[in-house]
Amino acid sequence: MDKKTVDYLKDIVGENYVITELEQKFSYFYDETNYTGRPKANTDSIVVKPMHTIEISRIMKYANENNKIIVVRGGGTGLCGAAIPTKESIIISMERMNKVMEIDDKNMMAVLESGVTLARLLEELEKYNGICFPVHPGDESAHIGGMVATNAGGARAVRHGIIRNQIKGLEVVLPGGEVLNLGGKLLKDNSGYNIMNLIIGSEGTLAIITKVILRLYPEEHYSGTIAASFDNINDASSAVIEILKSGVSPLAVEYQDKHLYIKTAEYLGLHWPLDKGNADVIIILSEKSEEALYGDCEVIDSICDKYNANKAVFASTKQEQADLLTIRSASYDVLKDNIAHSFDMAVPPGDMPEFLGELCQLVDSYNTTTNIIAHIADGNVHNDIVMINGKVPEYAEELKEKMYRLCFKYGGTITGEHGIGKLRVKDLKLHKSSVEIELMKRIKKVFDPEGILNPGTVVEV
Ligand SMILES: Cc1cc2nc3c(=O)[nH]c(=O)nc-3n(C[C@H](O)[C@H](O)[C@H](O)COP(=O)(O)OP(=O)(O)OC[C@H]3O[C@@H](n4cnc5c(N)ncnc54)[C@H](O)[C@@H]3O)c2cc1C
């Protein structure tokens, strides 16, 4: 990066917050995308750590006028390379904008700077007896701003929906440096086109999110987690559909092939409590009373019996429940070095048994295997194409396209929650019509006419 730019940035944020040394900036050059799929970072990029919206506004104005590329970085937990600077860029790291500005218990909303991590928000809410944020997209080091920019979904979207449903207001900085306040602590707002909703899920390509107003919920004090094992994926997914139809409203229903639960438990030094079967689900419940919680359990137990469950266990203590969720959450760490391509497809939830059955048949026809992890009640599947002898197999692209075509047959999408990023820009063309892609490109141009924000992400302009 040229000296004039480095000096100007130091002037804005202070000398200590402009990082130019390779050793110190290296960790900003990748995210959690698996190694084989990860785009290559341009290492001439530098890292800037502003603390105030006004600093971001000045940086954006400078970049816009001097043709400098900006890549915003949250927690770096993304899984599609969106935060990786593939051209020489100013990486704006939001880590210092980490204040919990307000917990408004009257309106049940939180006002947060965008660099607050999910872990920090959950810790803060522990202080407020009776208030919680139940949505849990997975990695707790993700920033709230990153979760908004990727429209994160996650395990606990079953009852409360995805992050988009929780966002009530945003402060954002446009590429020209203008600061916009969108939405507010409102449950209803129909004033004009909804620009806030365009920015949610825009992966750092339209604006930088600096503040977030988030909806909070009353805490339900009675929680429990059921783990149940089935002989096959068809029984497991059919049981889940029936549970949802029964009126029980779980916070989360997570599926994994059994061998993944077992391997991950071993890796963590924990124990997976179900030995028989091949297809296991965990169901997280939370209710206002003990009676309601046990009522849910009875309904789930009888549905599991109907679908030939081998065994079901109920975890009631906080530690037992946390252990089950930790085993679910860490499976990607166990798998990621052996992934040639990872998927995030979603289909209508009621079609999951047929879709998963056909997916397994397709993989069998290539004499290979796929690891299936699913937010099964949301119809969202994270499976993979596995490496063969440490290499990406030559059929990977062909199989990927066939998997997508199968997903489209069920009216599905190529990404339910992780986003397009830099990995799926070409794949988007398989999924969306040229008219829709053209509209996306025009929206990008309206927000960012000079094309300084995260180029090569979502759509190529
Ligand atoms: C083990 C594991 C489990 C996961 N489980 C889930 C899951 O269940 N559901 C799910 O949805 N995701 C999941 N993820 C993916 C990831 O956690 C989310 O995509 C997360 O929301 C990204 O937040 P981040 O702060 O890490 O963003 P980053 O990875 O830093 O950035 C992601 C994108 O957001 C942009 N961005 C970041 N901050 C801002 C900002 N302030 N303003 C504008 N743009 C910004 C970046 O430019 C980039 O385009 C998981 C990841 C891991 C590693």
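The values are calculated or read from the model by the stated rules, or taken from the named source; none is laboratory data. These numbers were taken from a predicted model, which means no experiment stands behind them. Note: ideal-geometry Cβ built from the backbone for every residue, glycine included; neighbour counts use all protein chains shown. Just the protein is used for accessible areas: all its heavy atoms, side chains included, with ligands, DNA and RNA removed. Shrake-Rupley method; radii C 1.70, N 1.55, O 1.52, S 1.80 Å.
The table that follows gives values for the structure above.
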| read-out | value |
| --- | --- |
| Residue within the range 309-319 that is aliphatic (A, V, I, L, M), under 25 Å from Gly138 (Cα atoms) and open to solvent by 10 Å² or more (accessible area, probe 1.4 Å) present | yes |
| Scan of the range 429-461 for residues that are within 16 Å of the ligand (Cβ to nearest atom) and at pLDDT below 95, ordered by number | Glu460, Val461 |
| Top-ranked residue of the range 74-90 - restricted to ones that are under 15 Å from Thr20 (Cα atoms) and not aliphatic (A, V, I, L, M), ranked as farthest from the ligand (Cβ to nearest atom) | Glu88 |
| Given (1) without any contact (Cβ under 8 Å) to a residue 60 or more places away in the chain; (2) in a helix (DSSP H, G or I); (3) crowded, with 22+ Cβ neighbours inside 10 Å, number of the condition Glu266 does not satisfy | (3) |
| Cβ-Cβ under 7 Å pairs, at least 6 apart or on other chains, the range 105-127 side among the acidic types (Asp, Glu), far side open to solvent by 40 Å² or more (accessible area, probe 1.4 Å) | Asp105/Tyr128; Glu113/Asn98; Glu113/Lys99; Glu113/Met101; Glu113/Lys211 |
| Inter-residue pairs, beta-carbon under 8 Å, first in contact (Cβ under 8 Å) with a residue 60 or more places away in the chain and under 23 Å from Ala63 (Cα atoms) and in the range 192-221, second of a type in the set (Asp, Glu) and open to solvent by 10 Å² or more (accessible area, probe 1.4 Å), 6+ apart | Ile209/Glu171; Thr210/Glu113; Thr210/Glu171; Lys211/Glu113; Lys211/Glu171 |
| Test: residue in the range 148-157 that is open to solvent by 10 Å² or more (accessible area, probe 1.4 Å), in a helix (DSSP H, G or I), under 22 Å from Thr205 (Cβ atoms) and not aromatic (Phe, Trp, Tyr) | yes |
| Flag if Ala155 is in contact with a Lys or Arg (Cβ under 8 Å, 6 or more places away or on another chain), near the ligand (Cβ under 7 Å from one of its atoms) and either under 17 Å from Thr415 (Cα atoms) or not assigned by TED's automatic domain parsing to the domain that holds Leu206 (or both) | yes |
| Filtered residues of the range 158-182 (kept if of a type in the set (A, V, I, L, M, F, W, C), more than 28 Å from Ala63 (Cα to Cα) and open to solvent by 10 Å² or more (accessible area, probe 1.4 Å)) | Val158, Ile162 |
| Within the range 335-347, considering residues that are open to solvent by less than 50 Å² (accessible area, probe 1.4 Å) and not in a strand (DSSP E or B), the one farthest from Gly138 (Cα to Cα) | Val347 |
| Pair list, Cβ < 7 Å and 6+ apart or interchain, from the range 52-72 residues that are without any contact (Cβ under 8 Å) to a residue 60 or more places away in the chain to residues that are within 14 Å of the ligand (Cβ to nearest atom) and assigned to a loop (DSSP other than H, G, I, E, B) | Ile59/Pro50 |
| Yes/no for Glu354 being acidic (Asp, Glu) and in the same structural domain as Asp231 (by TED's automatic domain parsing) | no |
| Set Leu121, Leu125, Leu112: member being within 13 Å of the ligand (Cβ to nearest atom), in contact with a Phe, Trp or Tyr (Cβ under 8 Å, 6 or more places away or on another chain) and closer than 30 Å to His221 by Cα | Leu121 |
